[in-house]
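Student: What follows is a structure written as structure tokens; I'll ask about it next.
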Amino acid sequence: MITLSIMLATIIQALDGTIANVALPHMQGSLSASQDQITWVLTSFIVAAAIATPLTGWLCDRFGQKRVFLASIAGFTLASVLCGMAMSLSQIVGARLLQGLFGAALVPLSQAVLLDINPREKHGSAMAVWGMGVMIGPILGPTLGGWLTDSYSWRWVFLINVPVGALAFYGIWRYIRNDTPQRGMRFDVFGFATLSLAIGALQMLLDRGEQNDWFASTETWIEAVLLAISLAYFIAHTALKPAGESFFDYRLLKNSNYVTGLLFIFIVGMVLFATRALTPSMLQGLLGYPAMLAGLVTAPSGLGTMVAMLVVGKLTGKIDTRLLLAAGFSITAFSLWQMSQFSLDLLQSQVVWSGVVQGIGLGFVFVPLSAATFATLDPHMRAQGTAIYSLIRNIGSSIGIALVQTLLVRNTQIAHSSLVAHINPANPALQNPQTSQLLNLNVPEGWAALNGEITRQAAMIAYVDDFYLMMICTALVLPLLILIRPPRRNAPVAVDHAAME
């Protein structure tokens, strides 16, 4: 019952990372917002969650794990109600900020509780089962969001969280035992303030950089300066404070496996999760898929991850972790190679099977990666360690998505210019009778249709370039596996929510 309650709590948090995306156009019209303004619905949630995530360890130490869990679920559910009732852009952005603040602790706490209630020898299997349950969120997110928006209203994208949150709240209140707050950690106000400012500035820069034309915008420069100054102050402050008094326990960085795990989860977030952002936009923007169909053909990727996690949960501790990771990265690189062969004549089966293969690769990466990362970490440092691990994954994901979106726009422009250079009356393709019937270049409408087709072809080239780049980056990770020390056979396994998103 505890596992079920925890899954419900984490599902609603994972759902809100994807379910709101498909409803943005409907929100835009309902709230009379511009394209630039409506993106704050996503930005506010991401920034608030990133800032609040490092607080998880201190909150549990100060108030107790169960109280923090209950407060997080209650606050997240109430914020969902406020989102569904919002009548203006400012109201929904404020409610999304609350969602991010309260939801940030749900996944780290879910992981910590499951590790506490299971014996050490069952940590791998427990985390794999939990991972399969949490994968329901990303699988259902786009499809459920599209169905609710089309059949009812965009408000139900948020209101659907209410019954699930109520069940999770009751289950955790009823079945998780009360714990006594330790109150051994001092709250470092200056450290938290500078870290929060740095994280917030970075997330804002990454999320809004493309639409602001990056450093051609004053806003981007302000965010970059704030990031540099606040991060410098945080590093200096943390280095000078004793380990027990600073907001970030720098003793974590003395654990080589943990540091290597942070490096890998950053790369995983940056390289692999960017695909999740590219594929739906490619299907809807270039191939004309409706939101619900795009969700249906991408959902099997999550199913592949669930199956792989079930298998790898049994193998972890029995097979060298580095071999499992090598298999996972290799499978993922192969799936990205499949995606680099996409064209405008793409079949649904090609999207499904490449997604399944990538999902299997992801499943083979996350469980052993977490096993290696936390195998040699002291248990009393686990709460802060999992929070930082989650934060690094989120930052890597934000950087990866910003990178591929920027390259997509710029490569589309480059490919468009290159294709246009071949458009002239002497081109045999334009003299083809079939082409001349479809594109009558003697009227302006014919030239507009031709330009639209060139733009589609250029955009497809840019998507393929992004997939190919990520394939190369994934392959380059493989030599870094020598940095990982295999965990002990009886070491506990801890899996971060990166695998579930």
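Student: List, in order, the whole-Hz ³J(HN,Hα) value for each residue of region 206-219 obtained from phi through the Karplus relation with A = 6.51, B = -1.76, C = 1.60 and θ = phi - 60°; use x for Gly and Pro.
Tutor: Computed from phi, the couplings for region 206-219 are 6, 6, 10, x, 5, 6, 9, 6, 6, 7, 7, 9, 5, 4 Hz.
Student: I've got another one for you. In terms of modelled amide H atoms, which long-range or inter-chain residues lie less than 5 Å from the amide H of residue 289?
Tutor: 284
Student: Just to make sure I understand: if all protein chains stay in place, what is the order of 258, 233 by accessible area at 1.4 Å, largest first?
Tutor: Details: 258 0, 233 130 Å².
Accessible-area ranking of 258, 233, largest first: 233, 258.
Student: While we're on this one: Within the set of other residues whose C-beta is less than 14 Å from the C-beta of residue 157, count the net charge using Lys and Arg as +1 and Asp and Glu as -1. Display every interim value, and only then the final one.
Tutor: Details: positive: 96, 155; negative: 16, 150.
Local net charge: 0.
Student: Please turn the phi angles of region 350-357 into ³J(HN,Hα) values with the Karplus equation 6.51 cos²θ - 1.76 cosθ + 1.60 (θ = phi - 60°), one per residue in order, whole Hz, x for glycine and proline.
Tutor: Residue by residue, region 350-357 yields 5, 5, 5, 6, 5, x, 4, 4 Hz.
Student: For the peptides 457-467, 354-364, 83-93, what is the packing order when you average, over each peptide's residues, the other Cβ atoms within 10 Å and list the highest mean first? Provide the component values of the computation, followed by the final result.
Tutor: Numbers: 457-467: 20.3, 354-364: 25.2, 83-93: 17.6.
Highest mean packing first, the order is 354-364, 457-467, 83-93.
Student: Positive end of the charge dipole of region 236-370 (Lys, Arg +1 and Asp, Glu -1 on Cβ, about the Cα centre): tell me which of 358, 300, 236 has its Cα farthest that way.
Tutor: It is 236, whose Cα lies furthest towards the positive end.
Student: In the full protein assembly as shown, how much of residue 453 is accessible to a 1.4 Å probe, in Å² to the nearest 10?
Tutor: Only protein atoms counted, so the area is about 70 Å².
Student: To the nearest Å, what is the center-to-center distance of region 199-276 and region 387-429, using C-alpha atoms only?
Tutor: 24 Å
Student: Please identify the trypsin sites (Lys or Arg not before Pro) of region 267-318 that satisfy two criteria: DSSP loop assignment and at most 10 other Cβ atoms within 10 Å. Which are they? Intermediate values should be presented prior to the final figure.
Tutor: Numbers: sites: 276, 314, 318; in loops: 318.
Answer in residue order: 318.
Student: Enumerate the whole-percent occupancy of each 10 Å bin, from 0 to the last occupied one, for all C-alpha pair distances of region 237-367.
Tutor: Per 10 Å bin, starting at 0, the Cα pair percentages come out as 12, 34, 26, 17, 10, 2, 0.
Student: Going by Cα centres, region 29-54 and region 349-369 are how many Å apart?
Tutor: After rounding, the separation between the Cα centres reads 29 Å.
Student: Let me ask something additional. If you plug each phi of region 394-407 into the Karplus form 6.51 cos²θ - 1.76 cosθ + 1.60 with θ = phi - 60°, what whole-Hz ³J(HN,Hα) values come out, in order, with x for Gly and Pro?
Tutor: Whole-Hz 3J(HN,Hα) from phi for region 394-407: 5, 5, x, 4, 5, 5, x, 5, 4, 5, 5, 5, 5, 5.
The values are calculated or read from the model by the stated rules, or taken from the named source; none is laboratory data. As the structure is a computational prediction, the values presented were derived from the model and not from experiment. Neighbour counts run over all protein chains shown; Cβ positions are idealised from the backbone, glycine included. Calculation scope for accessible area: heavy atoms of the full protein, side chains included, ligands and nucleic acids excluded. Shrake-Rupley method; radii C 1.70, N 1.55, O 1.52, S 1.80 Å.
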